[in-house]
Each structure stands twice: as C-alpha cells, then as structure tokens.
Amino acid sequence: MTRRILWFALPFLAVALVHLIAAAVQAQTLAAVTQALLMPTLALVLLAPHPDAAGNGWWPRTRLFALVALFFSFLGDLLPRFFDGDLSFAVLIGCFFFAQLAWIAALYPRLRHSIVVVQRWRLVLYAVLAIIVLVLCLPAAGALAPLVIVYAVALTAMAILATGWGSFGTVGGLLFLVSDALIAIFTFRPEFDPGQPARSLLIMTTYIAAQFLLVLAVRQFSEKARQPVVGRGIAGV
C-alpha cells in the first residue's frame, strides 16, 4: 500500500478501530454508527486519484463494480437492524448477495490468473469449506435454506475469483468466506455462538479485513499490472 493510498485509507482505519473497540465494550450505539460508516470511508480508497488510469482500460469498470459492492455492503451493514428475526437475516443475505455479484464482476478481469485456471486442485478446498458450512446450517435454516444456498454459491465464486488478484485478494476472499460462515453458524447453530462481545469481534474483524484487502487488491493491480485481461467481463462491459 503506497503512502498516498494510506492517507485515503486513514478514515476507514480510524472508523474500523473505533468500531472494534465499541464492539469490545458493547457500546451498541457507537458500534452501530461506526459500522454504517465503514463502507463509505473504505470507498475513499477506491475514489483516490489513479496515477495510471489511461494505461488500465479495465480500471474504471473494476472500480465501478467494486463501489457497487461496497454500496450493497453498506446496505447490509445498515438495514438488517431495522427488521426482526428471519426477515432481518433475509435482508442481510439479500444485500450481501448483490454485493457478492458486484465483487464477482469487479474481479472477473483476472479470471485466467485465478485458481479457475491455475492450480485448479485448490477449487476443492473452497468447495469443501462451503459444503461444511451448508451441512452445519441448512438443517436449521428452514424457509431460508434456498437463500443460504444461493448466497453460499455467490460468496464462494467471489472468493475463488479473488485468488486472481494476488495475496491481498486471496486472503480477502477467504476472510469474507470465514466472516459470513461465522454469521451463518452462529445464527443457525447457536450452540457454537460464543456470545458477545466475542461474536461481534470475530465476525467484524474478519469482515473489515476482507473488504479492505479486496479493495487494496484491485488498487494494487490497477496501478502495477499491465497484463492483458480475459474478454470484456460480465455482460460485455
């Protein structure tokens, strides 16, 4: 991460730190406010001036879809608290499902550098992780089971595509998998729920790190990579 990008990341890092402290001491109002500010401040990193935009024809497209992903993530951070029970969880899944679709579109240009093409045996690891979470959660998911399955597929696809974006992308995708797996397991298998504040800290630490690393990954390759990309991406954009 360059010094210039670090300056744009400081608001996000400050909000993230305050949020985690608020979660640790269970200051619920402060935690709710700072959670809602996470994605808007992270968007500043994507909106930071791009020194080589003319040399990366795919950067505007990638940035646009990444911003859309952060927008739906923002909705996922904000809206569920206004609903109760299964509806709250459905709203959460719905918002982050569209966030995952947007991340898939953003990450697609480096498909041929991902484990879809290189080291395909690693696909098995991602599939096994997703299946384990589904096996644990589906028996208790009830009417939400179809939503959980569809979301798990989208989330796993995003994490797989993220492997094409270097170590930041790979770790970011995996942490997103872990964060959402924890939400599902703690929701549908309460015997595994460690209670507060551990629950929030585990979920939010992995989530914050995941989003930050994915954003850094697309910035890193937009500024350094000059390799040709596959096709024109999703929907011919």
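Where a number appears in this text, it was derived from the coordinates with a stated rule and is not lab data. No experiment lies behind these values; they were computed from the predicted model shown. All Cβ positions, glycine included, derive from the backbone under ideal geometry; neighbour counts span all protein chains shown.
Tell me, what ³J(HN,Hα) does each residue in segment 33-45 have, in order and in whole Hz, if you take phi through Karplus 6.51 cos²θ - 1.76 cosθ + 1.60 with θ = phi - 60° and put x for Gly and Pro?
5, 5, 5, 5, 8, 4, 5, x, 6, 5, 4, 4, 5
What angle do you read, to the nearest 10 degrees and between 0 and 90, between the alpha-carbon axis of helix 122-141 and the longest principal axis of the chain?
Taking Cα atoms only, the helix is inclined about 30 degrees.
In terms of the ratio Rg/(2.2 N^0.38 Å) built on C-alpha atoms, what value belongs to the chain?
Here the Cα radius of gyration is 1.00 times the empirical estimate.
How large is Rg/Rh for segment 127-180, to two decimals, with Cα atoms and a Kirkwood Rh?
With Rg and the Kirkwood Rh in hand, the quotient comes to 1.03.
If you average the sequence gap of Cα pairs under 8 Å that are 6 or more apart and divide by the length of the chain, what percent do you get for the contact order?
23 percent
Among 187, 206, 29, which one moves the most in a GNM of the chain with springs linking Cα atoms closer than 10 Å?
Residue with maximal mean-square fluctuation among 187, 206, 29: 29.
Which angle between 0 and 90 degrees, to the nearest 10, do you get for helix 3-24 versus the longest principal axis of the chain when only C-alpha atoms count?
With both axes taken from Cα atoms, the answer is about 0 degrees.
Assuming R0 = 22 Å, can you tell me the calculated FRET efficiency for the pair residue 131 and residue 191, based on Cβ-Cβ distance, to the nearest 0.05?
Working from the Cβ atoms, E equals 0.65.
Taking springs between alpha-carbon atoms closer than 10 angstrom, which of 131, 160, 203 fluctuates most in the Gaussian network model of the chain?
131
Counting each DSSP H run of 4 or more residues in the chain as -39500 (n - 2.57), what helix-only mean residue ellipticity at 222 nm follows after dividing by all residues, to the nearest 500 deg cm²/dmol?
-25500 deg cm²/dmol
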